[in-house]
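Asker: Have a look at this one before I ask anything.
The values are calculated or read from the model by the stated rules, or taken from the named source; none is laboratory data. Predicted, not measured: the structure shown is a model, and the values here were computed from it. Cβ: placed from backbone, ideal geometry, glycine included. Neighbour counts: every protein chain shown.
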Amino acid sequence: MNHINDMPPIPPRNRASLPLVLGMIALVVASFWTLNLEWSGFWSPSALSATQDFVSGFAPPEMSAPFLYKTFIATLETLAMSALGTVLAVAAGLALALAGAGRFGAAPRAFVRLILNVMRSVPELVWATILLVAAGLGPFAGMLALAFHTTGVLGRLFADSLENANLHAEHTLRTNGAPALAAFVYSTLPLLLPQMMSYTLYRWENNIRAAAVLGVVGAGGLGGMLKFHLSLFQMPQAATVIIAMLLMVVLVDAASFGLRRALTR
Amino acid sequence: MAAVPMQRRDPAFRKRIVTVVACLLLLWPMLVYSEFKPWILFDAQSMRATGAFLADFLTPAHSLQFLTMVLEQTWITVAIATCGLALALLGAIPATLLVTERLSISLLGTHRMRLPARALRQFVRVVLILLRSVPELVWALLFVRIVGLGPTAGVIAIALTYCGMLGKVYAEILESSDAHASDTLLANGSSRMGALLYGALPESAAELVSYTVYRWECAIRGSAVMGFVGAGGLGQRMDESIKMMAGSEVATMLIMFVLLVAAADLVSKWLRRDLV
């Protein structure tokens, strides 16, 4: 009895991905090599005890009523920042999307798309540090930063959905003499509204998460509080702020999950 | 024949007015809380500072020395992301093996998991949720306090956050694949590792790799941003230049940053197409 011969042949090995895998391993090795991370400083006994002190400082989070109230206000500030930033981005994104969908010709389309790409690839936090120069410390700069980045994202998405939309109704209105703006507002816009709404809600969810940390560079909200208390080494207060952040993120996640489920059912 | 008078009133007039008023009422506290004062932008002092800063943007810094520094910092940014992701995998792969229900033997046939197994899975799941719910920037902020300024804090921050994300998504990918092969292997007495390697992995390997590469791209963006809290790389230099109001340097680094993001996007797209 020779069972081996009954087996199907061994499938051929795919050698094409070998150089890719080797390249990735080389990248990882080179990264560790050049960074010369300070593990020794991290695991030495003195560092370990310092870490322990640092971590145990968090242990009872500050729970006094005035501080909780302050944290609550900062949470509201964070939410307001994210909501307003998103609203501004929807307005700006829609305005840019009209040009980005090629409604005013090919050259403006390419130009607007380039601008949208740049706005999108600069993260909120980088926008915030740049805008701090113009808008000063505080949530206003953070809101503008969110608006700039989100305009890039939403403008691109809106432009794409405008380009893919069925323009039959709008053409009918136009051939019957409706002015261009009215034709757009009463035909194509309502058609795209549900899709735009879902993009906007999705971005708002992202922006809440981003707004929570934007304060770290001086743009108000929960992040601002965290940075403030951490730099004064007031660990219990910092712990409370981190817990508030976690709660907010978890609640937003749950709300968005519930909403999505309710809408798709 | 009397002409029917054309109705010019908007039939949805009242609904629209109510919506607008409700929105304005909601908007008011938000404007207060976010200190919405656009006129700050146009006040003379701010205009002058912004003007000088932006005028500097027009001539990006391009001395050879500066460009070499920017390139070096860009490499450090990529290296932080790569190291962080590599370490994240060290944690995420064991976590996935623990969490994924595809490898549960007690679930076979009975559809009920033994209590210790369920408790362990739930525990690891909660740990993963905690790891990924704390934003990477906050991790970085905390570790900068512990290990000091520099790339180490960034690497640890990425490792922790991405361990949480990868562990969760890997388990989901494995669980969404067809259970037939791995279940058959397990039911016939194969080891869990065998069931994973020969049953579950071949089907979902492409998706796992593609998700990992996508996360690598995200990590590059994240590591550039984490520099702003002192975790090394391009972000830290950019932060310093902005604080010194050196617009020309910021312009160069912004261009580099946009190019880096675009390049990571391209490489990730190309890798995903090639590996899948």
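Asker: Let me spell it out: the conditions are (1) at pLDDT 80 or above; (2) among the hydroxyl-bearing types (Ser, Thr, Tyr); (3) surrounded by 15 or more Cβ atoms within 10 Å (Cβ to Cβ), and A:Thr51 meets all of them except one. Which number is the exception?
Answerer: The one condition A:Thr51 does not meet is (1).
Asker: Can I ask one more? Considering A:Asn14, A:Asn36, which residue is over 26 Å from B:Gly84 (Cβ atoms), within 12 Å of chain B (Cβ to nearest Cβ), modelled with pLDDT under 90 and surrounded by fewer than 16 Cβ atoms within 10 Å (Cβ to Cβ)?
Answerer: A:Asn14
Asker: Would you list the helices (runs of 4 or more DSSP H) that sit entirely within the stretch B:152-264 and hold 3 or more residues that are over 25 Å from B:Val134 (Cβ atoms) and under 26 Å from the mean Cα position of the chain (by Cα)?
Answerer: B:201-226, B:234-243
Asker: Something else about it: Quick check on B:Ala92: is it among the small types (Gly, Ala, Ser) and within 14 Å of chain A (Cβ to nearest Cβ)?
Answerer: no
Asker: Of all residues being touching a Pro at 6+ places or on another chain (Cβ under 9 Å), under 19 Å from B:Ala81 (Cα atoms) and surrounded by fewer than 23 Cβ atoms within 10 Å (Cβ to Cβ) in the stretch B:254-271, which is nearest to the other protein chains (Cβ to nearest Cβ)? Just the residue, please.
Answerer: Once the filter is applied, the top-ranked residue is B:Val261.
Asker: Based on what the data block shows, is B:Ala251 crowded, with 17+ Cβ neighbours inside 10 Å, within 11 Å of another protein chain (Cβ to nearest Cβ), within 27 Å of B:Leu71 (Cα to Cα) and touching a residue at least 24 places away in the same chain (Cβ under 8 Å)?
Answerer: yes
Asker: With respect to A:Ala219, determine if the residue is crowded, with 18+ Cβ neighbours inside 10 Å, touching a residue at least 12 places away in the same chain (Cβ under 8 Å) and either part of a helix (DSSP H, G or I) or more than 26 Å from the chain's Cα centre (by Cα) (or both).
Answerer: no
Asker: Let me ask another. Suppose the filter is modelled with pLDDT under 85, away from chain A (no Cβ under 11 Å) and either more than 13 Å from B:Lys168 (Cα to Cα) or out of contact with any Pro (no Cβ under 8 Å at 6 or more places or on another chain) (or both); does B:Leu120 pass it?
Answerer: Against the criterion (modelled with pLDDT under 85, away from chain A (no Cβ under 11 Å) and either more than 13 Å from B:Lys168 (Cα to Cα) or out of contact with any Pro (no Cβ under 8 Å at 6 or more places or on another chain) (or both)), B:Leu120 does not qualify.
Asker: Going by the conditions given, is B:Leu98 among the hydrophobic types (A, V, I, L, M, F, W, C) and surrounded by 14 or more Cβ atoms within 10 Å (Cβ to Cβ)?
Answerer: For B:Leu98, the condition - among the hydrophobic types (A, V, I, L, M, F, W, C) and surrounded by 14 or more Cβ atoms within 10 Å (Cβ to Cβ) - is met.
Asker: I've got another one for you. Of the conditions (1) of a type in the set (A, V, I, L, M); (2) farther than 30 Å from A:Val216 by Cβ; (3) under 23 Å from the mean Cα position of the chain (by Cα), B:Ala140 satisfies every one except a single condition; which number is it?
Answerer: Every condition holds for B:Ala140 apart from (2).
Asker: For B:Leu25, all conditions in the list (1) more than 10 Å from chain A (Cβ to nearest Cβ); (2) within 24 Å of A:Glu77 (Cβ to Cβ); (3) surrounded by 10 or more Cβ atoms within 10 Å (Cβ to Cβ) hold save one; what is the number of the exception?
Answerer: All conditions pass for B:Leu25, except number (3).
Asker: Among the residues of the stretch A:93-117, which ones are touching a helix residue (DSSP H, G or I) at 6+ places or on another chain (Cβ under 6 Å) and within 14 Å of another protein chain (Cβ to nearest Cβ)?
Answerer: Answer for the stretch A:93-117, where residues must be touching a helix residue (DSSP H, G or I) at 6+ places or on another chain (Cβ under 6 Å) and within 14 Å of another protein chain (Cβ to nearest Cβ): A:Arg113, A:Leu116.
Asker: Also, quick follow-up: Test of understanding: among B:Ala95, B:Ala88, B:Ala81, which residue is touching a Ser or Thr at 6+ places or on another chain (Cβ under 7 Å) and either within 30 Å of A:Ile25 (Cα to Cα) or outside any helix (DSSP H, G or I) (or both)?
Answerer: Testing whether each residue is touching a Ser or Thr at 6+ places or on another chain (Cβ under 7 Å) and either within 30 Å of A:Ile25 (Cα to Cα) or outside any helix (DSSP H, G or I) (or both) leaves just B:Ala81.
Asker: State whether one or more residues within the stretch B:130-143 are free of Cβ contacts under 8 Å to residues at least 60 places away in the same chain, among the aliphatic types (A, V, I, L, M), in contact with a Lys or Arg (Cβ under 9 Å, 6 or more places away or on another chain) and away from every other protein chain (no Cβ under 11 Å).
Answerer: no
Asker: Within 23 Å of B:Leu166 (Cβ to Cβ) and at pLDDT 85 or above, is that true of B:Val258?
Answerer: Answer is no for this residue.
Asker: Considering each of A:Leu88, A:Leu144, A:Leu137 in turn, give the residue that is within 24 Å of A:Asn206 (Cα to Cα) and surrounded by 24 or more Cβ atoms within 10 Å (Cβ to Cβ).
Answerer: A:Leu144 is the lone residue from the list that is within 24 Å of A:Asn206 (Cα to Cα) and surrounded by 24 or more Cβ atoms within 10 Å (Cβ to Cβ).
Asker: Does A:Thr188 satisfy the condition of being farther than 28 Å from A:Leu94 by Cβ, part of a helix (DSSP H, G or I), at pLDDT 90 or above and not charged (D, E, K, R)?
Answerer: It is false that A:Thr188 is farther than 28 Å from A:Leu94 by Cβ, part of a helix (DSSP H, G or I), at pLDDT 90 or above and not charged (D, E, K, R).
Asker: Please work out which residue is farthest from A:Ala212 (Cα to Cα), limiting yourself to the stretch B:28-62 and to residues that are facing another protein chain (nearest Cβ under 9 Å) and not in a helix (DSSP H, G or I).
Answerer: So the residue we want is B:Lys37.
Asker: Checking A:Leu230 against (1) under 24 Å from A:Phe148 (Cβ atoms); (2) surrounded by 15 or more Cβ atoms within 10 Å (Cβ to Cβ), which single condition isn't satisfied?
Answerer: Against the list (1) under 24 Å from A:Phe148 (Cβ atoms); (2) surrounded by 15 or more Cβ atoms within 10 Å (Cβ to Cβ), A:Leu230 comes up short only on (1).
Asker: Considering the stretch A:144-167 alone, what residues qualify as being among the aliphatic types (A, V, I, L, M) and over 13 Å from the mean Cα position of the chain (by Cα)?
Answerer: A:Leu144, A:Leu157, A:Ala159, A:Leu162, A:Ala165, A:Leu167
Asker: Residue by residue through the stretch A:222-236, note down the ones that are more than 9 Å from chain B (Cβ to nearest Cβ) and not in a helix (DSSP H, G or I).
Answerer: A:Leu232, A:Gln234
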